[in-house]
Amino acid sequence: MDQSKIDALRVRPVFPQLHLIDGKPVPASDGATMDVLSPLDGQVLTTMAKGTAADMESAIASARAAFDDRRWAGQPPAARKKVLLKWADLIESNALELAVLGVRDNGTEIGMAIKAEPGSAAGTIRYYAEALDKVYGEIAPTQSDVLGLIQKEPVGVVGAIIPWNFPLMIGAWKLGPALAMGNSVVLKPAETASLSLMRMVELAHEAGLPPGVLNAVTGEGAVVGEAMGLSMDVDVLVFTGSGSTGRRLMEYSARSNMKRVYLELGGKSPNIIFADAPDLEEAAKVTAHGIFRNAGQVCVAGSRLLVEASIHDEFVSKVAEVAKGMQVGDPLSLQTAIGAVNSDRQLDQNLGFVETASAEGGQIIMGGNRILHETGGYFMEPTIVTGVTPDATLAQKEVFGPVLAVTAFDTEEDAIRIANSTVYGLAGAVWTSNLSRAHRVLRDVRTGVMHVNTYGGADGTVPLGGVGQSGNGHDKSLYALEKYINLKTAWIKL
Ligand code: NAD
């Protein structure tokens, strides 16, 4: 990657962002806009349409019309595949532009953004493009005078609400399978990270996606997100974000048309280090990256470090040593390891968690502060808190910031009990050389994803989903397709 190309893109003017409805850019119905602040310097980057409920209804109506006349679902699979593959190519050929725009909007360090955002999104769209003509229906083993067909149909209109931490990657996790299965989609990007995702939606149209099949409305979750949730004409709602919004979406569904709601809600993932881990240096390095990359704003972040008591002090110092070497700062510099926190609200929330941890008896052995005030941006030191008891706020609540909670344990049973002591169940890891122990721990820790002797990096071939209050349903892999299809039985008398 070339720093001079990044520097040329970082000063590009960003034009005011409008909605994209029926293939056209449109302003809010009342003309309202909202400022888009950059977490790099706290300055206004541009404005975007501040959507109204009427805007959302118009986007949903456009999606419904596109679905009903089968302008997308009715195309031959090879034609739909071609459009999606072209879209993936366009995402790739515009990767740097998309990544830099996204970083200016959400603050992720560019080294990570380029891979995790356009890189991952293009791969995801391509994966589902290639899958779409390999999804078959079934013939049931019925008695011989009937034919029982099990057909897979698109659900209709999908509403997708996307968070700000990885808008392209997570956006693609929803858009890829939804569009591959022939649905129409209405997208609601996050207030603080809409721009790159809106550009990715434009590229879908450049690739030949028919107007109306993919619509996107910007604005406040409480307004346009609510209108989507309460719509009688959205068939499936897919979401990544906070548990409190997830709960609301279920309520909206119950109060409207009982649409299916799939939630991915983050976690408090335990990273369990036994004294017999194969390589403690490597474990420390991966542990630090597993919590501090993207300033901790990662749903699967290993935010709870559970360390066997006999190596606690030695291992924590190793993690701190790695963290000290991770440069915090300008997210558009290739030297930066930890970029900006997404918003001042999120930063205040992170600092509040550190204060509470200290008040509850945790020892802040590293970090804990806002830094680089002079930039006007939202930067925080990587923070390590030891002595966090399993019932402490820092062990129980998702911070979504660069804050690692450390707890010592004595036995394998202890480690599993502590690992399972939150309402979440998204991800986790166990580090050990003992094969039987690795299998026992990965079986007994209740999460959707477990790593062994590594953390993170699972690719699109495997599902991502949580148990408990980390959500339901899965993104990634062929299992994600299930959210976007209805099974129809055809019972035919022969
Ligand atoms: P959020 O849940 O409020 O926002 C996520 C998305 O939901 C955004 O697009 C937002 O506009 C939309 N939304 C908000 N209120 C809505 C409503 N009433 N109806 C419909 N849509 C609505 O999350 P946040 O406030 O941006 O962040 C708060 C916390 O959420 C974070 O601290 C973190 O714990 C968690 N989070 C998790 C993830 C993840 O990847 N799991 C991502 C972002 C945030």
Region 136-158, subset outside any strand (DSSP E or B) and in contact with a strand residue (DSSP E or B) (Cβ under 6 Å, 6 or more places away or on another chain), residue nearest to LEU332 (Cα to Cα): VAL155
Residue tally, condition crowded, with 17+ Cβ neighbours inside 10 Å and among the aromatic types (Phe, Trp, Tyr), over region 1-47: 0
Close pairs from region 419-438: first within 19 Å of VAL286 (Cβ to Cβ), partner part of a strand (DSSP E or B) and among the small types (Gly, Ala, Ser), Cβ under 8 Å, at least 6 apart: ALA419/GLY428; LEU426/GLY471
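When the residues of region 338-355 are filtered to those that are of a type in the set (A, V, I, L, M) and within 14 Å of GLN297 (Cβ to Cβ), which remaining residue is surrounded by the fewest Cβ atoms within 10 Å (Cβ to Cβ)? Step through it out loud before you land on a result.
Our first condition is that a residue be of a type in the set (A, V, I, L, M); within region 338-355, this holds for 338, 340-341, 347, 351, 354.
In the following step, the residues that additionally are within 14 Å of GLN297 (Cβ to Cβ) were identified as 338, 340-341, 347.
Working: ILE338: 27, ALA340: 31, VAL341: 28, LEU347: 20.
Per the stated criteria, the residue is LEU347.
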In region 254-292, the residues that are surrounded by fewer than 24 Cβ atoms within 10 Å (Cβ to Cβ), charged (D, E, K, R) and within 20 Å of the chain's Cα centre (by Cα): ARG260
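Residues that are over 30 Å from GLN75 (Cβ atoms) and either more than 11 Å from the ligand (Cβ to nearest atom) or of a type in the set (Ser, Thr, Tyr) (or both): does region 226-234 have at least one? Steps first, please.
The first filter runs over region 226-234 and keeps only residues over 30 Å from GLN75 (Cβ atoms), leaving 226, 230.
Those left that are additionally either more than 11 Å from the ligand (Cβ to nearest atom) or of a type in the set (Ser, Thr, Tyr) (or both): none.
Scanning region 226-234, I find no residue that is over 30 Å from GLN75 (Cβ atoms) and either more than 11 Å from the ligand (Cβ to nearest atom) or of a type in the set (Ser, Thr, Tyr) (or both), so the answer is no.
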Is it the case that GLY468 is in contact with a helix residue (DSSP H, G or I) (Cβ under 6 Å, 6 or more places away or on another chain) and either closer than 21 Å to GLU308 by Cα or of a type outside the set (Phe, Trp, Tyr) (or both)? no
Could you say which residue among ASP414, ASP444, ASP459 is surrounded by fewer than 18 Cβ atoms within 10 Å (Cβ to Cβ), closer than 24 Å to THR386 by Cα and not hydrophobic (A, V, I, L, M, F, W, C)? ASP414
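Checking the structure you have, find out if any residue of region 159-171 is over 13 Å from the mean Cα position of the chain (by Cα) and assigned to a strand (DSSP E or B).
yes
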Is it true that some residue in region 179-192 is under 20 Å from ILE485 (Cβ atoms) and part of a helix (DSSP H, G or I)? yes
Here the residues within region 209-241 that are free of Cβ contacts under 8 Å to residues at least 60 places away in the same chain and small (Gly, Ala, Ser) are ALA222
Failed criterion for TYR378 (all others in (1) free of Cβ contacts under 8 Å to residues at least 40 places away in the same chain; (2) within 16 Å of the ligand (Cβ to nearest atom); (3) of a type outside the set (A, V, I, L, M, F, W, C); (4) touching an Asp or Glu at 6+ places or on another chain (Cβ under 7 Å) hold): (1)
Within region 323-340, is even one residue under 21 Å from LEU426 (Cβ atoms), within 16 Å of the ligand (Cβ to nearest atom) and either out of contact with any helix residue (DSSP H, G or I) (no Cβ under 9 Å at 6 or more places or on another chain) or at pLDDT 95 or above (or both)? no
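The values are calculated or read from the model by the stated rules, or taken from the named source; none is laboratory data. Because the structure is a prediction, the values reported are computed rather than measured. A quick note on method: Cβ atoms are made from the backbone with ideal geometry, for glycine too, and the neighbour counts reach across all protein chains shown.
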